[in-house]
1. Can you pull out the strands (runs of 3 or more DSSP E) entirely within the range 179-281 that have at least 2 residues that are modelled with pLDDT of 95 or more and surrounded by 19 or more Cβ atoms within 10 Å (Cβ to Cβ)?
2. Determine whether residue 624 is assigned to a helix (DSSP H, G or I) and either open to solvent by less than 20 Å² (accessible area, probe 1.4 Å) or within 15 Å of the ligand (Cβ to nearest atom) (or both).
3. Just to be sure I understand the filter: pairs with C-beta atoms under 6 Å, separated by 6 or more residues or on different chains, first member in the range 508-531 and in contact (Cβ under 8 Å) with a residue 60 or more places away in the chain, second member outside any loop (DSSP other than H, G, I, E, B) and hydroxyl-bearing (Ser, Thr, Tyr). Which pairs pass?
4. For the structure I just gave you, tell me whether residue 607 is touching a Phe, Trp or Tyr at 6+ places or on another chain (Cβ under 9 Å), closer than 15 Å to residue 866 by Cα and away from the ligand (no atom under 16 Å from the Cβ).
5. Scan the strands (runs of 3 or more DSSP E) fully inside the range 68-146 and keep the ones with 2 or more residues being assigned by TED's automatic domain parsing to the domain that holds residue 372, within 27 Å of residue 161 (Cβ to Cβ) and hydrophobic (A, V, I, L, M, F, W, C).
6. Taking the range 755-789 only, how many residues are in contact with a strand residue (DSSP E or B) (Cβ under 6 Å, 6 or more places away or on another chain), open to solvent by 10 Å² or more (accessible area, probe 1.4 Å) and in a loop (DSSP other than H, G, I, E, B)?
7. Tally up the residues in the range 952-973 that are open to solvent by less than 10 Å² (accessible area, probe 1.4 Å) and not in a loop (DSSP other than H, G, I, E, B), please.
8. Please find, among 641, 660, 728, the residue that is aliphatic (A, V, I, L, M), surrounded by 24 or more Cβ atoms within 10 Å (Cβ to Cβ) and within 20 Å of residue 307 (Cβ to Cβ).
Amino acid sequence: MYGFKASSQMWTSFVLFLAAVFCLFTPAWMVKHENFKTCDQSGFCKRNRAYADSALEKSSWKAPYNLEPSSIKFSNGQLSGTVLKTVGDSSETVRLPLTVSFLESGTARISLDEEKRQKGDITLRHDSKARKERYNEADKWAIVGGLAPSKGAALGSDADAGTTVVRYGPAGKFEAIITHSPFGVEFKRDGSTHIKVNNRGLLNMEHWRPKVDKEKKEGEEETPAEENKDPALDESTWWDESFGGNTDSKPRGPECIGLDISFPYYEHVFGIPEHASPLSLKETRGGDGSYSEPYRLYNADVFEYELDSPMTLYGAIPFMQAHKKNSTVGVFWLNGAETWVDVTKAKETANPLSLGIGSTKTTHTHWYSESGILDLFVFLGPTPKDIVKSYGELTGYSQLPQSFAIAYHQCRWNYVTDEDVMDVDRKFDKAKIPYDVIWLDIEYTEGKKYFTWDPLTFPNPEKMHKHLDQRERKLVAIIDPHIKNEGNYPVVDELKKQDLAVHNKDGNIYEGWCWPGSSHWIDCFNPTAITWWKGLFKYSKFIGTFSNTFIWNDMNEPSVFNGPETTMPKDNLHHGNWEHRDVHNINGMTFHNATYEAMLERGKKGELSRPFVLTRSFFPGSQRVGAMWTGDNEAKWDHLAISIPMILNQGISGFPFSGADVGGFFGNPSKELLTRWYQAGTFYPFFRGHAHIDTRRREPYLAGEPYSGIITQALRLRYQLLPAWYTAFHEAHTQGSPIIRPNYYVHPSDEKGFAIDDQLYIGGTGLLAKPVVKEGADSVDIYIADDEPYYDYFDYTIYSGPGHKTIKAPLEKIPLLMQGGHIIPRRDRPRRSSGLMRYDPFTLVMVLGKDGSATGELYLDDGETFDYQQGAYIHRQFLFDGKTNFLSSVDIAAEKGSKGQKYLKTMKDVRVEKVIVVGAPKEWKDKSSVVVSEEGAKESQRKREVPFVWHEGAKGQADWAVVRDPKVEIGKGWRIDFS
Ligand code: NOJ
């Protein structure tokens, strides 16, 4: 019997292994739809849609949730009370504790729980050890600040009968009108309504109830399941649910939470990544070009994902912005369980308050998650900048990466030996192509056992690291969360011994299949597991790693080859006996966090440098600890095209350090596609070339001319603009701003540009790029939103907006414009890696706006340590005033810390070597010098004349001028007088 079991297990394992290998090597050209649920196949999704249908169809519909007026209390910025849910036609009610918190930041938070579950007053089925409460710890992982209660929030005395009004926010301009019966909240800013919660009555909290087994009397006919039944109450998936041969045991029965959120007179909604879909979210239930499925958020390893689809992908950020002319508002649905979002738009008659301007469409959204409490944050803007800032205050701002991390990364599955790595490195140098990081995928390990090196192929990791370090280059090695289940592997032995892995529903260690075959999964919800994980990265433990080794976390959705929907069973148990169902979308982030902490602590005390950890799976908060990429795309033009809206969406959703595999992961790109992809990749905040194990080698030097040369130019452009990129990263780190920005974000009043998602601005630089994403294209149409002059980056051709303009774009040309009014910092000397540019001089490109003025910023630090937190940085503003003709550099450092002076000293020889003026006034034609003065200079040096040359632009191109070698120190105050 035992023997039979073992051998049948072996067979199953073998078959699964073959299936995995088959998936890996067979060029299947489509996502396997059958592996992933549609809404109809997900019980609670189907029920919520049915609930919405019956509610919206019946004019007599009365939402069964009422806030008990006598329960309402208000103190310290928080309203609390009890919502009573009436069950069916009965008089039975279910008590749902409510809090509405008003925060100092102007954000409001609505939380709703279920008293019975909260008190643990329920019975679990199947002798389950699972927790009885609705999951209430998502905030523990996602929220790091911004929860201070509003001091000014107060109850309004003028509430209509049946409502409670709270005034809050800046100068008390925000208002929450809480309707008691049915319960709902209307959010107003400056007297007009921007968000309505439960206005359509779709609030649906499936309360706990015991399973009643209906006995079938002899001879009695079974009632057809759907007959006479409200599909919203379809019980067939309440107590267990099967999909693809797996059955979810659901010990707590049905417990979903659903809610409608409407944005009156807002036609566009953005956000809720990750989906391979346009930036402006489409309707999901009817409407022009709409989807038929809701947007799904259930982190999954979706093989060969489909484009223009609401299907789920690897990460989830349930944060949405609604935008209309001059107003942006947002909501953040904090829930870690499987979530779906329906989007519909309804025509409105013109809004009398909008005086005929603006949208006449309202966007309705309907959100539903499988489990957990309701926890909703509401942001009232009014600008996109305000929204991302408030969201960042809660979930944390994007990590400030080391400077190498924003340069170019070279990856493939796999560089096969340490010699191979060094060979690729030498070839980059020989071809004079800059790069900073080379990556190792899973094959470097011995038999997919993480924290080991294959002794045959990587016998000398130390030599390899030293070799890379000569040019300040780094190595990234992959470490996944599945731990090979094999004897004599100390990592798995310890994992088991200390009981640190995820458990199955019976409380035993969970076993599934991934790259190594049979595996267990570390449970990073467990603090002891995190401590243990940190230990594994110590230099003394992960031998063969050094200070230039960094980490890539993949497969952390988690991907389980033989699991339901390629992931873990929902009834698996995590630390604290929370079911996997409750925390699925948070899971990847906990692993990413643990690795970040491990990297932080791997060195000796006092040797802190900023970790770099790439993740595939993510949740709100992941931005604090690293970068993400969009997973397994394909070497096809449409995959190149979709990468732009996907990355723009990451940016406005609080996780801007993002990129897509350059060249496409699956398949072999044509040389043209590869070249265009590098040109587009130069605008990804995270810029990495990567390829599947089955593809041909495609390092940039292999493409041959003219391709290699053109790719090299694209890479050099990235390196040249690194100071501007780093400044944009700093802004993301301190204010939550996107690093690449869509049109609506930069021009919130330009209605024509709201849906544009194929062009981008880099930070606040005014650089506007429109990557070529079509085969054979030799021009692009770029959209200019305003009436500033825009100049071609390379030849200063002038484009005047507003409107669409055609830019010639033969293969060697990247369509990149500079908006007038900006000063762009650059470093122009080509180097092999960004580390070698540390003390290079700067060039400032001053692009004059229509009023003849320009401003710009530069943020700079050691690009490596945390000393910037103690003032070791330079933050300058450059201002050119078209009236006085002075260009000055002003210190805008927020605070001076103890390490500031020391850092400035290390930078004292770093100078500005050139100022280029684009759109230089004709009056400067005969000028041959300008006068430079510098803070703290000796008397004799206080005013220096430096050479100035003015150039007349060719037809259609701007006049330009150059200040030659003003030699002013980058970290100091100075002025250049052009008058
Ligand atoms: C899946 C990742 O998405 C891909 O980038 C990687 O190369 C493979 N796993 C192998 O590790």
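1. Working: elements: 184-189, 192-197, 241-243, 246-248, 257-263, 268-271.
Where strands (runs of 3 or more DSSP E) fall fully within the range 179-281 and carry at least 2 residues being modelled with pLDDT of 95 or more and surrounded by 19 or more Cβ atoms within 10 Å (Cβ to Cβ), they are 184-189, 192-197, 257-263, 268-271.
2. Details: assigned to a helix (DSSP H, G or I): yes; either open to solvent by less than 20 Å² (accessible area, probe 1.4 Å) or within 15 Å of the ligand (Cβ to nearest atom) (or both): no.
Judged against the criteria, residue 624 is not a match.
3. Hits for this filter: 524/590; 525/590.
4. Details: touching a Phe, Trp or Tyr at 6+ places or on another chain (Cβ under 9 Å): no; closer than 15 Å to residue 866 by Cα: yes; away from the ligand (no atom under 16 Å from the Cβ): yes.
Here the answer is no, as residue 607 does not meet what is asked.
5. Working: elements: 73-75, 78-86, 93-102, 108-112.
Strands (runs of 3 or more DSSP E) meeting the threshold: 78-86, 93-102, 108-112.
6. Result for the range 755-789: 4.
7. Qualifying residue count, the range 952-973: 2.
8. Values: 641 fails: surrounded by 24 or more Cβ atoms within 10 Å (Cβ to Cβ); 728 fails: within 20 Å of residue 307 (Cβ to Cβ).
The match here is 660.
The values are calculated or read from the model by the stated rules, or taken from the named source; none is laboratory data. What you see is a predicted model; the values in this text were computed from it and never measured. Every residue, glycine among them, receives a Cβ derived from its backbone with ideal geometry; neighbour counts consider all protein chains shown. Just so you know, the surface numbers come from the protein's heavy atoms only, side chains and all, with ligands and any DNA or RNA stripped out. Shrake-Rupley method; radii C 1.70, N 1.55, O 1.52, S 1.80 Å.
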